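Values in this text are rule-based calculations from the coordinates and carry no lab data. The structure presented is a predicted model; accordingly, all values stated were derived computationally and were not measured. Here Cβ is always computed from backbone atoms with ideal geometry, including for glycine, and neighbour counts include all displayed protein chains.
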Amino acid sequence: MRFDLTQLGRHGRGDDQLDRTYEPSAFRYAGQNVDDEGYAIVAPVHLVMDVHKQAEVYRVTGRVDGTLRLDCGRCLEPFDVPVDTTFELRYVPASENEGEGEREVADDDLTTAFYRENAIDLEELIREQFQLALPMKPLCSEACKGLCPECGANLNTNPCECKPTWADPRLGELSELLKNAKHS
Ligand SMILES: [Zn+2]
Ligand SMILES: [Zn+2]
């Protein structure tokens, strides 16, 4: 999953266009389970992008869409979300920036990415876009009831008989203090 930059300008043009679809199996870390990245890729990923060469720098604009599987933050069940996101990046050679702690801030506000060996790593690009598109707290639905704190049942599918006995932890601390106060 690399985009070879050397082919650019071969016909006297500094622009190129790419339109590719990748099966989930094309991704190195893809699986049917939500992995360490916090998601799994469960449908073909479609990538369209324009590459425009300006000397050593490549300006890349495009769009990624696909379907990701996430774990619900409340009930912990996996669910699928469609992702459709656009991006605009500036690719600079990795070697020029190695050893520098900070990325240069350019006037046009574009995010800077790095290419190596005259190629753009498309898996890295796509995963970066997925990371940015992920919700902070994934929920299978806004109305998700979550898990019963007593028995762990999924309250969406398995309403249980437990009575909620939620106690304010601060009250617990207070009663500890009172107990200790009595003993001293
Ligand atoms: Zn849920
Ligand atoms: Zn319960």
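Points to keep in mind about this one:
- The residues K145, K179, K163, when put in order of fewest to most other Cβ atoms within 10 Å, stand as K163, K179, K145.
- Residues F79 and N158, FRET efficiency given R0 of 25 Å [Cβ-Cβ distance, rounded to 0.05]: 0.90
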